[in-house]
1. How much length is gained on full extension from residue 372 to residue 77, taking 0.36 nm per residue of separation minus their Cα-Cα distance?
2. Full-extension gain between residue 290 and residue 166, please, as 0.36 nm times their residue separation minus the C-alpha to C-alpha distance.
3. First measure r as the distance between the Cβ atoms of residue 101 and residue 307, then evaluate 1/(1 + (r/R0)^6) with R0 = 41 Å and state the FRET efficiency to the nearest 0.05.
4. Rounded to a whole number, what is D in µm²/s for the range 236-282 from Stokes-Einstein with the Kirkwood radius over alpha-carbon pairs (4 °C, 1.567 mPa s)?
5. Please give, to one decimal in nm, the separation of the simple spin-label points placed at residue 7 and residue 188, each 7 Å out from Cα toward the Cβ.
6. Work out, step by step, the length gained on full extension between residue 387 and residue 274: first 0.36 nm times the residue separation, then minus their alpha carbon distance; give nm to one decimal.
7. Relative to the compact globular guide of 2.2 N^0.38 Å, what is the alpha carbon radius of gyration of the range 219-327, as a ratio?
8. Peptides 19-30, 218-229, 174-185: what's the order by average Cβ count within 10 Å, highest mean first?
Amino acid sequence: MKSAGILRTNPDFRRYWLSSTLSTLGSQLSLLAFPLLVLSIGGSAAQAGTVATCSMVTRTLLRLPAGQLADRLDRRMIMVGTDLVRLVALASIPLASGMGELGQTHLLCVAIVEGAATALFSPAATIAVRDVVPEKDLTDALSRSQTAMASSSLIGPFLGGWLFTLDPILPFAVDAASYGVSAVLLLRMGTLPSRKLADSERDNRLTAGLRWLTHQRALLAALLFAAGINIVSAAAQTTMVVTLRQSGAGGAAIGAVMACAGVGGLLGAAAAPWLIKRNPAGRMFLLIGTVWALGLAVFSATTQPWAIGPVLVVVVFFSPPAGIVVGRAILVLAPRDLLGRVSTATGLLMAGLASAGPVIAGSFVDSMGGSRTWLVLAGAAAVVTVISSVPLLRETSLDATGDGDGPGSPGPEAAVPPSADRPTEEPLPERTVPEDAGPAGPVTAPPAPRRGTDVG
């Protein structure tokens, strides 16, 4: 079944896909508008980076508890509730602005509240794709989700910059509305419940996901590589916005440049199935690091939007295929009762260091200028790539999680070797929820719409 067929025949996946597309589009609007708004009300580059860092730190601190909640509670209610919390948080910005009370403290509080809600939403939203999409169709389903996120990344920054030029508050109002629509769609989304485990079989420890990951050598090597690249990516985003602003670029021009990341992501998502079938996972991750290092070095030599945009397309191109490889490996290999905690442990490894990226970038730009900051980031990407090269080239087990027709891909059955870490699961029964039926049973969703640029 191709991804278009999944959207046509699977109503729950279609509802999620529409929800995530709208929500991610709204998130992209405010993602660009947040640092611009801080700068427009008199904040410094370091303060603009601090707002983003506080949101990322909050998400990092709550990742493990959020994963445990997703493994134990009604995931549909977690997702709907956190969408409503984010709606209220984002809507408070236009309200405070209209009352003349908008300031740095208010924006910081919004960033923290939204970060906490996103932390709770993400693990619950990660699990449903494993329940509503057959294993053989996971690559196509994840490619469709990546395409939706890339399309939003393409349209969102340009639209956000344009809306910001009309009214600095408008992007936040649209983002708030997107969360409201997402909540309505998720209320109508149902999935079949997974097999219930007895308390004696269930690992209820907060760190169960991290413990499981420590036994997955290939996956752990890829995640540690992604963690290093992600701190560079998070820092690069803030550096890009601040340096372009300081060079005199307007909101629309900055939005157009940031939209080039969406072009690269969209092209990469479209090419992902072909690339995954023909390239070992280790080679793909190493190529990402090399391209990042070279691309960031180019950014140090120019502040011209027309020159930066095409390079950004190439830099981002390989991120969607890598994300699909990691996401599919987790969904196929992780025990069903640990998926929430494994997904948050994965996010913790990939994004823990990245939470410091924006504030570090802002401080570097303030102290040494944009050009030297880009060179520091390029050097960091190169170091991460060199250090990771040996284990990633030696490990080939991630290649066995393909769809069976690529090099080193024996098929889904061979991709899931029996082990003590993975209890035998009962096969899911055929779906009986009609297309127009309301929610039925525990509800989950595929990988959540995400702010930022995590590789994995």
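What follows draws every value from the coordinates through simple rules; no lab data is involved. Remember, predicted model here, so these are calculated numbers, not experimental data. Neighbour counts are summed over all protein chains in view; Cβ atoms, including those assigned to glycine, are modelled from backbone coordinates with ideal geometry.
1. Values: separation 295, 0.36 × 295 = 106.20 nm, distance 4.68 nm.
The span from residue 372 to residue 77 would gain 101.5 nm if fully extended.
2. Numbers: separation 124, 0.36 × 124 = 44.64 nm, distance 3.88 nm.
Fully extending the segment from residue 290 to residue 166 adds 40.8 nm.
3. Values: r = 41 Å, r/R0 = 0.99.
My answer for the efficiency is 0.50.
4. Working: Rh = 12.6 Å.
It diffuses with D of about 103 µm²/s by this estimate.
5. Distance between the two pseudo-spin positions: 1.7 nm.
6. Working: separation 113, 0.36 × 113 = 40.68 nm, distance 2.77 nm.
That works out to 37.9 nm of additional length.
7. Numbers: Rg = 14.4 Å, N = 109, 2.2 N^0.38 = 13.1 Å.
Rg over 2.2 N^0.38 Å, computed on Cα atoms: 1.10.
8. Top to bottom by mean Cβ count within 10 Å: 19-30, 218-229, 174-185.
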